[in-house]
Amino acid sequence: MESNILLKKNLNIWMALSLVVGMVIGSGVFFKATPVAKHSGSFTFIFLAWFLGGVMSLCGALVAAEFSARYPHTGGLYVYLEKIYGNEISFLFGWMNTLIYTPAILSALSVLFADQVSSMLNANQILHDILALGILTAIVIINVIGNKYGGALQLLATVLKLIPIFLIIFFGLIKPAAAGNFDTYFYHPRNFGLAVLSTLWAYDGWLSVPNVAGEMKNAKKNLVFVLIFGMSFVMLVYLLVNIAYINVIGIEKLAMAENAINIISEKLFGQIGKALISLGIIISIVGTLNGFALTGIRIPYAMAANQKFVANNIFSRLHPRFATPVNSSILVYVLSVLYIFTRSFNRLTDLAMFSTWIFYVLFFIGIFIKRKREGKNEDGYNTFLYPITPLVAIFSGLYILVNNIFSNPTDSIFSILVTILGLPVYVIFVKKKN
């Protein structure tokens, strides 16, 4: 893309790897264990849900690695869908990402940050909302000032967030388990599809990293490494930490607890340790929030830079001093503020997951289309275990989408309608002008 020339390549391989690990390992590892246990009901199905979520995400990352090697441009999945299907589908993805996915995730994480800090301070609802708006505003400003600051913050937050996770894994696994901790809570899982969907939130973030490819050093080579190594590492961490959770409090308590991580932290480390773990969780949330802000605001910018969005001259504008997409940042920020007042972490995350997995499935199908047109990538990475890898990702994604439509029809229909609304917007504001 021509716009990539203007963006500063400040992100090195360690910053990029911290984006994968830092965006994926976030709030989900702490707060999605309860709904997974609730919907699964036994150690076998809990482990299977986290394993399948990891396999689905890893298979997707392997496909994304091939596309990132072919097209190391800012815009990520938006660029890939355009190369596969043309302007209409890529516009709908960018439209959905701008209106639903990115602001829903940023607002969900801001609300979760406020939940955790408010719990420590015993704050009221007004202070809670101020905290949510405050952290969102601070993160967006940091990323407008410059990607090197956002990248540095991401690297620092990733290192700090891994400390409480590794402490929980180590002490949780060596602690003698109480009798019955691994006993089955339900004989059959209540809704295994929703359990896997919950894990996908915890694994989500890997496909946002190529959004900043145009700002990475040696993106064609480094993106492949960070996607594959990063997701493999995350999957191992999630499996171990959930075994530790169950070992400490058991399946039933994990499934029923309002804030399981606080109970687990107190059992392992006492009140002082619980406070320190809570601080680590807050840092983890900030790191994830920063990662999604750093990558998500690039989607409307990339579209506008190619004259394929509304008000292209406005949203393609870079900050004159910092060379960052300032107006795109403001747009996403305003939408995120509106979403914050729903004050519902789980609903926002489920909405974001359903919305984006529609396009993930189309993307996974797209590798077959691309291979038929152009063959293998002769001078770069090719998807490992093709065609098995993308087929696993496709059928897993379809299972999740169908299950969610029946389990949560209201939000599913809302997501589909908002996405389809992008079609007349594309015809009026993009196709006719071009």
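The values are calculated or read from the model by the stated rules, or taken from the named source; none is laboratory data. Values in this document were obtained by computation on a predicted structure and should not be read as measured data. With ideal geometry, Cβ positions are generated from the backbone for all residues, glycine too; neighbour counts draw on all protein chains shown. Keep in mind that these areas ignore ligands, DNA and RNA; they rest on the heavy atoms of the full protein, side chains included. Shrake-Rupley method; radii C 1.70, N 1.55, O 1.52, S 1.80 Å.
Below, the figures for the structure above:
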{"quantity": "Any hit, segment 145-163, residues being assigned to a helix (DSSP H, G or I), surrounded by 21 or more Cβ atoms within 10 Å (Cβ to Cβ), within 20 Å of the chain's Cα centre (by Cα) and modelled with pLDDT of 85 or more", "calculated": "no"}
{"quantity": "Filtered residue count, segment 334-377, keeping only those that are farther than 30 Å from Phe31 by Cβ and small (Gly, Ala, Ser)", "calculated": "2"}
{"quantity": "Candidate set from segment 315-328 (those that are within 23 Å of the chain's Cα centre (by Cα) and in a loop (DSSP other than H, G, I, E, B)); member that is surrounded by the most Cβ atoms within 10 Å (Cβ to Cβ)", "calculated": "Pro325"}
{"quantity": "Those residues of segment 262-303 which are touching a helix residue (DSSP H, G or I) at 6+ places or on another chain (Cβ under 8 Å), farther than 25 Å from Ala138 by Cα and at pLDDT 85 or above, in sequence order", "calculated": "Ile263, Ile264, Ser265, Glu266, Lys267, Leu268, Phe269"}
{"quantity": "Filter result for Phe31 (under 17 Å from the mean Cα position of the chain (by Cα), modelled with pLDDT of 85 or more and among the hydrophobic types (A, V, I, L, M, F, W, C))", "calculated": "no"}
{"quantity": "Residue list for segment 268-285, restricted to those being open to solvent by 30 Å² or more (accessible area, probe 1.4 Å) and under 14 Å from Thr158 (Cα atoms)", "calculated": "Leu279, Ile283"}
{"quantity": "Matching residues, segment 368-406, being assigned to a loop (DSSP other than H, G, I, E, B), within 16 Å of Ile228 (Cα to Cα) and small (Gly, Ala, Ser)", "calculated": "Gly380"}
{"quantity": "Residue satisfying all of: in segment 225-257; within 23 Å of the chain's Cα centre (by Cα) and not hydrophobic (A, V, I, L, M, F, W, C); nearest to Ser284 (Cα to Cα) among these", "calculated": "Tyr238"}
{"quantity": "Residue in segment 171-191 that is least open to solvent (accessible area, probe 1.4 Å), counting only those that are outside any loop (DSSP other than H, G, I, E, B) and in contact (Cβ under 8 Å) with a residue 40 or more places away in the chain", "calculated": "Gly172"}
{"quantity": "Qualifying position, being open to solvent by less than 60 Å² (accessible area, probe 1.4 Å) and either out of contact with any Leu (no Cβ under 7 Å at 6 or more places or on another chain) or of a type outside the set (A, V, I, L, M) (or both), among Tyr399, Tyr381", "calculated": "Tyr381"}
{"quantity": "Filter result (among the small types (Gly, Ala, Ser) and either modelled with pLDDT under 80 or surrounded by fewer than 24 Cβ atoms within 10 Å (Cβ to Cβ) (or both)) within segment 192-224", "calculated": "Gly193, Gly205, Ser208, Ala213, Gly214, Ala219"}
{"quantity": "Within segment 300-314, tally of residues that are outside any loop (DSSP other than H, G, I, E, B) and buried (at least 18 other Cβ atoms within 10 Å of the Cβ)", "calculated": "7"}
{"quantity": "Matching option when the condition is within 26 Å of Asp115 (Cα to Cα) and surrounded by fewer than 18 Cβ atoms within 10 Å (Cβ to Cβ), among Ile263, Ile246", "calculated": "Ile263"}
{"quantity": "Pair list, Cβ under 8 Å, 6 or more apart: segment 365-379 residue under 18 Å from Pro72 (Cα atoms) and touching a residue at least 12 places away in the same chain (Cβ under 8 Å), other residue of a type in the set (A, V, I, L, M) and open to solvent by less than 100 Å² (accessible area, probe 1.4 Å)", "calculated": "Gly366/Leu81; Gly366/Ile84; Ile367/Val63; Lys370/Ile84; Asn377/Ala69"}
